[in-house]
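For reference, the structure discussed in these notes is given below.
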Amino acid sequence: MRGEAASEIPLGKVSGLPVPRYVSLKTDRVNLREGPSKDHRTAWVFQRAGLPVEITAEYETWRRIRDAEGTEGWVLHSLLSGRRTALVMPWAKAGTQPLALYARADDHATVVAQLQPNVIANVKTCREGWCRVVIGTETSGYIKQDHLWGVYPNETVE
């Protein structure tokens, strides 16, 4: 999965799925809580469906998540989707040049679009350092895996 032997990837005691792992927000309004219950204070409200987040822990129906900026907290598992998305270079500084989206997994292929930092991409596949992504409903192409936050280095996504 991530270039590691399957036996080396720890599994969540609740879901049986790898922890950590990337998922995405299911809705446009997700409360990030300080602890794993509705009794805990809401620390932040995400307002971007499809935003990739990393699950770092599980507790009953709650998942501790981290976003691309490092913000952490707890959300109900039902507000998360297994759909893989990624952010294009969220670490880029203002004024960074757009990134090329290629027709093939090749730096010399035709450029089909220019992507700004923080664009959400739907991840379809990743292998050998390239990911095939879809932007919006129609634009698809290939981008280098290390330009995305939401997939692990060397992770294969099928």
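The values are calculated or read from the model by the stated rules, or taken from the named source; none is laboratory data. Note that the structure is a prediction, hence the values are computed from the model and not measured. All Cβ positions, glycine included, derive from the backbone under ideal geometry; neighbour counts span all protein chains shown. The accessibility values were calculated without ligands, DNA or RNA, using every heavy atom of the protein model including side chains. Shrake-Rupley method; radii C 1.70, N 1.55, O 1.52, S 1.80 Å.
General remarks:
- Within region 66-83, if we keep just the residues that are open to solvent by 50 Å² or more (accessible area, probe 1.4 Å) and of a type in the set (Asp, Glu), the residue that is nearest to Arg29 (Cα to Cα) turns out to be Glu72.
- Per the listing Ala92, Ala113, the residue uniquely hydrophobic (A, V, I, L, M, F, W, C) and in a strand (DSSP E or B) is Ala113.
- Verdict on Glu69 being closer than 30 Å to Gln114 by Cα and either in contact with a Ser or Thr (Cβ under 6 Å, 6 or more places away or on another chain) or outside any loop (DSSP other than H, G, I, E, B) (or both): no
- Unmet requirement for Arg48, which otherwise passes all of (1) in contact (Cβ under 8 Å) with a residue 40 or more places away in the chain; (2) open to solvent by less than 80 Å² (accessible area, probe 1.4 Å); (3) outside any strand (DSSP E or B): (2)
- One residue stands out among those in region 28-45 that are of a type outside the set (Asp, Glu) and part of a loop (DSSP other than H, G, I, E, B): the one that is nearest to Leu79 (Cα to Cα), which is Arg29.
- Condition met for Tyr22 (open to solvent by 20 Å² or more (accessible area, probe 1.4 Å) and either of a type in the set (A, V, I, L, M) or within 22 Å of Ser140 (Cβ to Cβ) (or both)): yes
- Scanning region 117-152 for residues that are over 16 Å from the mean Cα position of the chain (by Cα) and at pLDDT below 95 gives Thr137, Glu138.
- Any hit, region 113-131, residues being within 14 Å of Val23 (Cα to Cα) and surrounded by fewer than 17 Cβ atoms within 10 Å (Cβ to Cβ): yes
- Those residues of region 132-158 which are open to solvent by 70 Å² or more (accessible area, probe 1.4 Å), more than 23 Å from Val19 (Cβ to Cβ) and of a type in the set (S, T, N, Q), in sequence order: Thr137
- Some residue of region 95-106 being of a type in the set (Asp, Glu), at pLDDT 95 or above, more than 29 Å from Ser15 (Cβ to Cβ) and open to solvent by 30 Å² or more (accessible area, probe 1.4 Å): yes
- Scanning region 110-133 for residues that are closer than 14 Å to Glu158 by Cα and free of Cβ contacts under 8 Å to residues at least 60 places away in the same chain yields Val123, Lys124, Thr125, Cys126, Arg127, Glu128, Gly129, Trp130, Cys131, Arg132, Val133.
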